[in-house]
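Before anything else, here's the structure in question.
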Amino acid sequence: MSVIPGTEVWLTGQLPGIIPPLQPVAHALLQVKEEVQRLMVDFPDTLLFKDLHGLASPAFHLQHMAGVLDRLFTYARAQQLSPRQLEWLQQEGKPAGTATA
């Protein structure tokens, strides 16, 4: 999608192939994608898993967004979370390979 930098995605009009009731959801997801990509450019790896000023780490928020979307689609299909999804939930905010028992 070619958008003028700084333009809110929803201002670009209707997205092709998306039914009208889901347009706001699609716009929001595309807006988040653009903002995360912009904010994470040159972000130092050394700070990715650090809790800063009492807030959850950037890695937690990135992993949590991915997990939330995955879980929401599962719920929308009226399904229960899989063991893989439950494991993902437990590992949000932790570097790969640091699982705790």
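For segment 2-16, which residues satisfy the criterion of being assigned to a loop (DSSP other than H, G, I, E, B) and at negative phi?
As a first pass, look at segment 2-16 and keep what is assigned to a loop (DSSP other than H, G, I, E, B): 2-8, 13-16.
The answer is 2, 3, 4, 5, 7, 8, 14, 15, 16.
Which residue is farthest from the chain's Cα centre (by Cα), if the candidates are limited to segment 26-75 and must be polar (S, T, N, Q) and open to solvent by 60 Å² or more (accessible area, probe 1.4 Å)?
Initial filter on segment 26-75 (polar (S, T, N, Q)): 31, 37, 46, 57, 63, 74.
From what is left, the residues that are open to solvent by 60 Å² or more (accessible area, probe 1.4 Å) are 37, 46.
Numbers: 37: 11, 46: 20 Å.
The extreme case among them is 46.
Name every residue in segment 76-87 that is over 20 Å from residue 49 (Cα atoms) and either of a type in the set (S, T, N, Q) or surrounded by 11 or more Cβ atoms within 10 Å (Cβ to Cβ) (or both), in order of residue number.
79, 80, 81, 82, 85, 86
Also: Tell me, which residue of segment 79-101 that is among the small types (Gly, Ala, Ser) and at pLDDT below 95 is farthest from residue 62 (Cα to Cα)? Give the derivation first.
Filtering segment 79-101 for residues among the small types (Gly, Ala, Ser) gives 82, 93, 96-97, 99, 101.
Pick out the ones that are also at pLDDT below 95 and you get 93, 96-97, 99, 101.
Details: 93: 8, 96: 14, 97: 17, 99: 18, 101: 23 Å.
Applying the filter and picking the extreme gives 101.
The values are calculated or read from the model by the stated rules, or taken from the named source; none is laboratory data. Computed from a predicted structure; not experimentally measured. Every residue, glycine as well, gets a Cβ built from its backbone with ideal geometry; the counts of neighbours run over all protein chains shown. In case anyone asks, the SASA skips ligands and DNA or RNA and just uses the protein heavy atoms, side chains included. Shrake-Rupley method; radii C 1.70, N 1.55, O 1.52, S 1.80 Å.
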